[in-house]
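Everything on this sheet refers to the single structure shown next.
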């Protein structure tokens, strides 16, 4: 489904697009449907969320850069249901640590993909080996404590 919209920006970094209710209804779901979003030929996977009574999809800094858009731009958006299984890539360091810790592994496996990403992204994005290792240890502690 295609629609034209403005990339909304709140503050310095929070950006998103409002998805018309007719588009959400056309997708056949009103409850946080997983979608593929296409902006200027760039595709990314996301979820439609409700914010202040409006259907919204986030547009991250990476997506803006890859699609060549900024907050305030008016763009054509194509959106479709994403029925492919979603998997979170587990960094090798974390995968090895989880292999050694069965309770942390069980906790990790029980998490939603978004919660898994909250643990894996800081590890993937670490600039140094020391930071990466600290982030692995932090993830393991969160999993062991049950606070993920």
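Taking the criterion of being closer than 24 Å to residue 32 by Cβ and outside any helix (DSSP H, G or I), the residues of segment 109-145 that qualify are 110, 111, 112.
Tally up the residues in segment 96-108 that are part of a helix (DSSP H, G or I), closer than 14 Å to residue 145 by Cβ and either touching a residue at least 12 places away in the same chain (Cβ under 8 Å) or assigned by TED's automatic domain parsing to the domain that holds residue 45 (or both), please. Count: 4. Please specify each residue of segment 1-49 satisfying the condition of being out of contact with any strand residue (DSSP E or B) (no Cβ under 7 Å at 6 or more places or on another chain) and either closer than 16 Å to residue 69 by Cα or crowded, with 17+ Cβ neighbours inside 10 Å (or both). Within segment 1-49, 10, 12, 13, 14, 41, 42 meet the criteria. If you filter segment 33-58 down to residues that are in contact with a helix residue (DSSP H, G or I) (Cβ under 8 Å, 6 or more places away or on another chain) and not in a strand (DSSP E or B), you find that the one that is farthest from residue 88 (Cα to Cα) is 40.
Residues of segment 115-148 that are without any contact (Cβ under 8 Å) to a residue 24 or more places away in the chain and within 14 Å of the chain's Cα centre (by Cα): 121, 122.
The values are calculated or read from the model by the stated rules, or taken from the named source; none is laboratory data. Remember, predicted model here, so these are calculated numbers, not experimental data. Backbone-built Cβ (ideal geometry, glycine too); neighbour counts: all protein chains shown.
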